[in-house]
Amino acid sequence: MSIQLYFNPLSQPARAVHAILVIGKIPHDLHNIDFMKQEQNTPEYKKISPSGNVPSIVDGDIALFESHTILKYLAKKFKLEKLYPSDIVEQARLDQYLDWHHTGTRNITLVARDFVFYPKFLGKPAPENKDERFKELEWYLTTFEEIFLGNGKHKHILGFDEPTIADLSAVCELVTLFMLNIDLAPHPHLHQYLKHMLSIPEVNQVHQPVFGFTQKFGENLRQEYIDLMK
């Protein structure tokens, strides 16, 4: 029986779940939730995802929402141990990043939402604390490099030999930097990490829709971002 994935390709957490399905060669069907039509708020969808968020999945009689819960569930069910090891200590190491992600890496998307997406597409004024928010974002990027990439010593988060669900979650947020057009020169380890992760065919595949969106609506895109989207 195929996994039913309810997602939107512009959603970072939804792309992470799409990626594990593709990497794990897990049979699945995609159901695009159109935010502009408010499909996430329909009674039918809220039976699957009470929060109205994407992603969510249906697997037989089971419905799940929250991307990290779904990633762990799929990795365990389909025995994708390279993506989420069965060893409890290794799981705990990865869970450290997955917990930090919500208040760390996720800030990239929140800044892009407030200073790019809302003003550009909804006509909402950007907050007045732009300098403060971008300074804080730089701190999160530096912290990501120092703690989780070991200042360039680690090819994958926390030094795992192969990409894990932590990497899938992280890269899907990090590509949102493209719309913010932040200079990556002060973050060479982050730049190299993005280059590596986006060279993985399945990861690149699930990002094609958002790359098209970025190339269409991004303003004065930096060459390093254009190169990363190839």
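Of note:
- The stretch 3-77, relative contact order [Cα under 8 Å, separation at least 6], %: 36 percent
- A viscosity of 1.306 mPa s and a temperature of 10 °C, combined with the Kirkwood radius over C-alpha pairs in the Stokes-Einstein formula, give the stretch 173-227 a diffusion coefficient of 137 µm²/s.
- Cα gyration tensor shape for the stretch 15-152, rounded if a/c is under 1.5, else prolate or oblate: oblate
- Compactness of the chain, expressed as Rg and Dmax over alpha-carbon positions, Å: 17.3, 50
- Among residues other than Leu98 with Cβ under 15 Å from its Cβ, the summed charge is -2 (Lys and Arg +1, Asp and Glu -1).
- Relative contact order, percent, the chain [alpha-carbon distance under 8 Å, six or more residues apart]: 20 percent
- Pairs from the table (Lys37/Lys135; Lys76/Lys216; Lys47/Lys77; Lys82/Lys124; Lys72/Lys120) lying more than 32 angstrom apart at Cα are Lys37/Lys135; Lys76/Lys216; Lys82/Lys124; Lys72/Lys120.
- Global geometry of the stretch 3-77, whether rounded, prolate or oblate, following the gyration tensor of its Cα atoms and the 1.5 cut on a/c: prolate
- Sorted largest first, the spans of the alpha carbon positions of the stretch 51-93 along the three principal axes are 33, 20, 13 Å.
- The magnitude of the dipole of the chain, with charges of +1 and -1 set on the Cβ of Lys/Arg and Asp/Glu and taken from the Cα centre, is near 400 debye.
- Taking other C-beta atoms within 10 angstrom as a stand-in for reagent exposure, Tyr84, Tyr118 fall in the order Tyr118, Tyr84, fewest first.
Rule-based calculations on the coordinates, nothing more; no lab input. What you see is a predicted model, and the numbers here were worked out from it, not measured in a lab. Neighbour counts are summed over all protein chains in view; Cβ atoms, including those assigned to glycine, are modelled from backbone coordinates with ideal geometry.
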